[in-house]
1. Only helices (runs of 4 or more DSSP H) wholly contained in the range 1-43 count here; list those with 2 or more residues that are at pLDDT 90 or above, in contact with an Asp or Glu (Cβ under 8 Å, 6 or more places away or on another chain) and not basic (Lys, Arg).
2. Checking Thr224 against (1) out of contact with any Asp or Glu (no Cβ under 8 Å at 6 or more places or on another chain); (2) buried (at least 21 other Cβ atoms within 10 Å of the Cβ); (3) closer than 28 Å to Ser110 by Cα, which single condition isn't satisfied?
3. Of everything in the range 141-173 that's in a loop (DSSP other than H, G, I, E, B) and in contact with a strand residue (DSSP E or B) (Cβ under 7 Å, 6 or more places away or on another chain), which residue is nearest to Ala207 (Cα to Cα)?
4. Taking the range 120-172 only, how many residues are without any contact (Cβ under 8 Å) to a residue 24 or more places away in the chain and either among the polar types (S, T, N, Q) or within 16 Å of the ligand (Cβ to nearest atom) (or both)?
5. Polar (S, T, N, Q), away from the ligand (no atom under 16 Å from the Cβ) and under 19 Å from Trp283 (Cα atoms) - does that describe any residue in the range 86-95?
6. Considering only the range 249-260, how many residues are surrounded by fewer than 21 Cβ atoms within 10 Å (Cβ to Cβ) and closer than 11 Å to Tyr208 by Cβ?
7. Do any residues in the range 323-350 that are over 23 Å from Glu13 (Cβ atoms) and hydrophobic (A, V, I, L, M, F, W, C) have Cβ atoms under 8 Å from those of residues that are within 16 Å of the ligand (Cβ to nearest atom) and not in a loop (DSSP other than H, G, I, E, B), where the two are at least six apart or on different chains, and which pairs are they?
8. Is it the case that the range 96-119 has a residue that's within 16 Å of the ligand (Cβ to nearest atom) and out of contact with any helix residue (DSSP H, G or I) (no Cβ under 6 Å at 6 or more places or on another chain)?
Amino acid sequence: MSEKLCVDTLMSELKNIYENKPETWDLTAALIKESLRYHAQHNEQYASYLDNARETVEEGELANIPLVPSTLFKNPAAKVLSGPQSEIQQYSRSSGTQGAVSLVPRDETSILRFIGGMSASMPALLGVDRMGNHVGIVLGKDADSAENLWFSYALACITIEIETEFMETKDGFDIDKTLDTIGKLKASGRDLIIVGPPFRALDLAEAYAERVGKALGGKDFIITAGGWKGEKSKAIDNKTFRRVVCKSFGLKSDKQIRDCYNMVECNTAFFECEHHEKHIPPWVYAYSVDPVNQNKKTDGEGVICLLDASANSYPCFIKTDDVGIINHEQCSCGRHGPTIRITRRINKVESRGCALKMAVGKNTDNANRFHQSIYRTPASHPLLKGAGSDNE
Ligand SMILES: [Zn+2]
């Protein structure tokens, strides 16, 4: 069974795996290691990064796999590409609200799997069938207009397998058109999946309550993604957000409101179940580390690390800038597999601590020397010529 076939098979089987196949998670380690071998073969820089650590990594646990810090994608000189440049379909961009822009090379396989993972999550976690009565309303641009801005692209792709209308043009988000579209679709008996960043969903909910006021149905969904970036002054906690949106749209339950976690560097989006826990699919291994000593944590908060076998064109073994909790106990929804809860962004002190620890870590093998040179003297490292610290 090839790695490619296996990731795709897991996607097509996701609903069944969550519900009935607890043993599937035994496959994750093999899949991640196969992905590691692929990137070691097809990415010279990552191979040299692995170098002497290769054997330990092959035999040891997944947390030994050398991670790519998400900041590395912010430097255009960094060679994160696995395989030929000619295969790249898009350099996915971050929005740049956190400073420098990340560029992530994605080939067709990586993009199709990102979309495939999201499409699989709809029936697996929301119970939405693409042949059903739902229609998507995206409070953003369509994928072609997203111009590789990953956040917009990912939003546009969530409902890709069902009929979808887009509410943002080059003139911006059209709230009047959105209210109108909701009205027309509800009048024709359709169920809705409204997709957008939380600040826009909140604006829409408030306008809906004020100007329409008619309760939506029990099968309508609001899906949020992307957090409050750029709109932090409007940010409210998750529970308050769900209460306000639920009341404004007249939803029967806050189970109809689901959030989704993704970042440009990661090739998988993590959707919530009806208990508002974000489920990790079996092609991803997630763990967290102590921000001070970098040791893998067994419980509590830590810096989130994601190993994602679905990326083909770059090694998706990412140390993120997010802090959260990985829970290995079965979710109260009854589905199998771990869940991830993001609690906050990493702070400046922890970020420096991470970099410093990676730089002076107890191992002195080549993997760590790579980090030493990046973090100690980034400007002189061949991968990062001219780069400064752009993580803040
Ligand atoms: Zn759950």
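The values are calculated or read from the model by the stated rules, or taken from the named source; none is laboratory data. Predicted, not measured: the structure shown is a model, and the values here were computed from it. Ideal geometry is used to build each Cβ from the backbone, glycine not excepted, and the neighbour counts take in all protein chains shown.
1. Values: elements: 3-12, 14-20, 27-42.
In the range 1-43, the matching helices (runs of 4 or more DSSP H) lie at 27-42.
2. Status for Thr224: all satisfied but (1).
3. Taking the range 141-173 and keeping what is in a loop (DSSP other than H, G, I, E, B), we get 141-142, 147-148, 158-163, 167, 170-171.
Narrowing further to those that are in contact with a strand residue (DSSP E or B) (Cβ under 7 Å, 6 or more places away or on another chain): 141-142, 148, 158-159, 162-163, 167.
On the way: Lys141: 20, Asp142: 23, Asn148: 30, Ile158: 24, Thr159: 23, Ile162: 26, Glu163: 24, Met167: 15 Å.
Going through the qualifying residues, I end up with Met167.
4. Qualifying residue count, the range 120-172: 2.
5. Going residue by residue through the range 86-95, those that are polar (S, T, N, Q) are 86, 89-90, 92, 94-95.
Imposing the further condition that a residue be away from the ligand (no atom under 16 Å from the Cβ) reduces the set to 86, 89-90, 92, 94-95.
When the remaining residues are screened for being under 19 Å from Trp283 (Cα atoms), the result is none.
No, there is no match, as no residue in the range 86-95 is polar (S, T, N, Q), away from the ligand (no atom under 16 Å from the Cβ) and under 19 Å from Trp283 (Cα atoms).
6. Summing the residues that are surrounded by fewer than 21 Cβ atoms within 10 Å (Cβ to Cβ) and closer than 11 Å to Tyr208 by Cβ in the range 249-260 gives 1.
7. Val323/Ile342; Ile325/Ile340; Ile325/Arg341; Ile342/Tyr261; Ile342/Lys278; Ile342/Gly324
8. Our first condition is that a residue be within 16 Å of the ligand (Cβ to nearest atom); within the range 96-119, this holds for none.
Scanning the range 96-119 turns up no residue that is within 16 Å of the ligand (Cβ to nearest atom) and out of contact with any helix residue (DSSP H, G or I) (no Cβ under 6 Å at 6 or more places or on another chain).
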